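Asker: Here it is: the structure, laid out below.
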Amino acid sequence: MASVRFVRNPDLRTIKPAYPGNKLVGNAYCNGPELYEPQLSTLLKWQLSKNPQKEEKKADTWAPDVVDGTEFLRSQEDGLLWLGHSSFVLRVAGVTMITDPLLFSSVGLRRRHALPCRPEDLVGIDLLLLSHGHRDHLDEQSIKLLARQNPQLRAFGPLGLPKLLRGMAPKLPVQEAGWWQQFDLGPEAPFELFALPASHWYRRGLLDVNEVLWGSLLLRLPDGRTIYFAGDTNMNGHFEEIERQFGPLDVVLMPIGAYKPAYMMSGSHTNPHESAKAANLLRAGHLVPMHHGTFDLSDEPASEPQRLLSEIAASGMLRAELHIPAVGEVLRWQDWV
């Protein structure tokens, strides 16, 4: 029988009272108390079943609009710029960050739209924020390029991340955290950064299932304003827990795509209705969708996630203000809150 223990980074502050750390069964991290392991039989069922929306998906050539974001990257202006999928460049109080960078196409991950800049324009980046190690969120080629172009870069993410990045960028400083821990950004940092839960899983190879943790991230300024990056997650109780600890949240970056078929995807991702519900549970003031339009990962047509979320917002079921940027469009979030 596999051993059970609870782990955290002992050098970091745990912000949730009496939280024992992340549950580890053998070498596998759990979603809260439960161990989630995707089944090969489910994958085979998906691959061998016909997509009921096959023709609609084939005819749907929609992709997000792309505008040139180079001017913002070269400036010192605070704001938020979507690179596609779950990759954002975020500048807060003069500190420039990038989330879950995937800048290139690779085997099984072909970009459906261009970047809003040249990869070599991604310089002056201080912090690399990583939610988990799936290949559509942590890309080796992108990590190597960013580390090479940004000698000041520091990486922050979930437990197990250092061993994952060691072979990609050996000199890159990496700080790992368990859920409900506060990262140490140094005494001069103009904001706080927290590692928070998500309901997901991990795998990059054949034998490493759940050996690296996953999570979400929250940034809080001294005046209390917050930006929440949900990472990859399904619908679960952690949204209510996060709201109790930090809510109401100001700006929420929430995934909305890769949800069909439900029997395959519901353990990993939220659909647009669930994403809206999660934003409501977080009492979000503003919602920026992500994880849609850039890669073909699932059975729904490309335009469906954004269309459904817009319809939900128009119906009044989403209490947050919805912002749907073009790729490369600058959102000046500090003007909202």
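Asker: Please specify each residue of the range 15-28 satisfying the condition of being assigned to a strand (DSSP E or B) and open to solvent by 40 Å² or more (accessible area, probe 1.4 Å).
Answerer: If the condition is that a residue be assigned to a strand (DSSP E or B) and open to solvent by 40 Å² or more (accessible area, probe 1.4 Å), then LYS23 is the only one that fits.
Asker: Kindly provide the set of residues from the range 243-284 that are surrounded by 24 or more Cβ atoms within 10 Å (Cβ to Cβ) and assigned to a helix (DSSP H, G or I), ordered by number.
Answerer: Listed by number, the residues that qualify are PRO272, SER275, ALA276, ALA278, ALA279.
Asker: For the range 30-38, state whether one or more residues are touching a Cys at 6+ places or on another chain (Cβ under 8 Å) and either farther than 25 Å from VAL212 by Cα or surrounded by 14 or more Cβ atoms within 10 Å (Cβ to Cβ) (or both).
Answerer: There is at least one residue in the range 30-38 that is touching a Cys at 6+ places or on another chain (Cβ under 8 Å) and either farther than 25 Å from VAL212 by Cα or surrounded by 14 or more Cβ atoms within 10 Å (Cβ to Cβ) (or both).
Asker: Next question, about the same structure. Take the residues in the range 38-79 that are β-branched (Val, Ile, Thr) and in contact with a helix residue (DSSP H, G or I) (Cβ under 7 Å, 6 or more places away or on another chain), then tell me which one is nearest to LEU207 (Cα to Cα).
Answerer: The selected residue is THR42.
Asker: Among the listed residues LEU213, LEU297, LEU287, which satisfies the condition of being in contact with a His (Cβ under 9 Å, 6 or more places away or on another chain), part of a loop (DSSP other than H, G, I, E, B) and surrounded by 24 or more Cβ atoms within 10 Å (Cβ to Cβ)?
Answerer: On inspection, the qualifying residue turns out to be LEU213.
Asker: For the range 47-99, please list each of the strands (runs of 3 or more DSSP E) lying entirely inside it that holds at least 3 residues being under 20 Å from LEU185 (Cα atoms) and open to solvent by less than 30 Å² (accessible area, probe 1.4 Å).
Answerer: So the answer is 87-92, 95-99.
Asker: Just the residues that are open to solvent by less than 40 Å² (accessible area, probe 1.4 Å) and among the charged types (D, E, K, R), please, taken from the range 117-136.
Answerer: ASP121, ASP136
Asker: Consider the range 185-201. How many of its residues are modelled with pLDDT of 95 or more and under 29 Å from LEU35 (Cα atoms)?
Answerer: So the answer is 6.
Asker: Please find, among LEU172, LEU161, the residue that is closer than 23 Å to SER268 by Cα and in contact (Cβ under 8 Å) with a residue 12 or more places away in the chain.
Answerer: After applying the criteria, what remains is LEU161.
Asker: Could you tell me whether any residue of the range 152-167 is over 22 Å from GLY231 (Cα atoms) and at pLDDT 95 or above?
Answerer: Yes: the range 152-167 contains one or more residues that are over 22 Å from GLY231 (Cα atoms) and at pLDDT 95 or above.
Asker: Among the residues of the range 160-179, write down those that are assigned to a helix (DSSP H, G or I) and surrounded by 16 or more Cβ atoms within 10 Å (Cβ to Cβ).
Answerer: Passing the criteria: LEU161, LEU164, LEU165.
Asker: Can you name the residue in the range 319-335 that is in contact with a Lys or Arg (Cβ under 9 Å, 6 or more places away or on another chain) and at pLDDT 95 or above and is also least open to solvent (accessible area, probe 1.4 Å) among such residues?
Answerer: Going through the qualifying residues, I end up with ALA320.
Asker: Could you pull out the residue among GLY215, GLY178, GLY167, GLY157 that is out of contact with any strand residue (DSSP E or B) (no Cβ under 8 Å at 6 or more places or on another chain) and more than 17 Å from ALA284 (Cα to Cα)?
Answerer: GLY167
Asker: Considering only the range 1-24, state which residues are more than 26 Å from GLY186 (Cα to Cα) and among the β-branched types (Val, Ile, Thr).
Answerer: VAL4
The values are calculated or read from the model by the stated rules, or taken from the named source; none is laboratory data. Computed from a prediction, not measured in an experiment: that's the story for all the values here. A quick note on method: Cβ atoms are made from the backbone with ideal geometry, for glycine too, and the neighbour counts reach across all protein chains shown. For accessibility, only protein heavy atoms count, side chains too; no ligands or nucleic acids. Shrake-Rupley method; radii C 1.70, N 1.55, O 1.52, S 1.80 Å.
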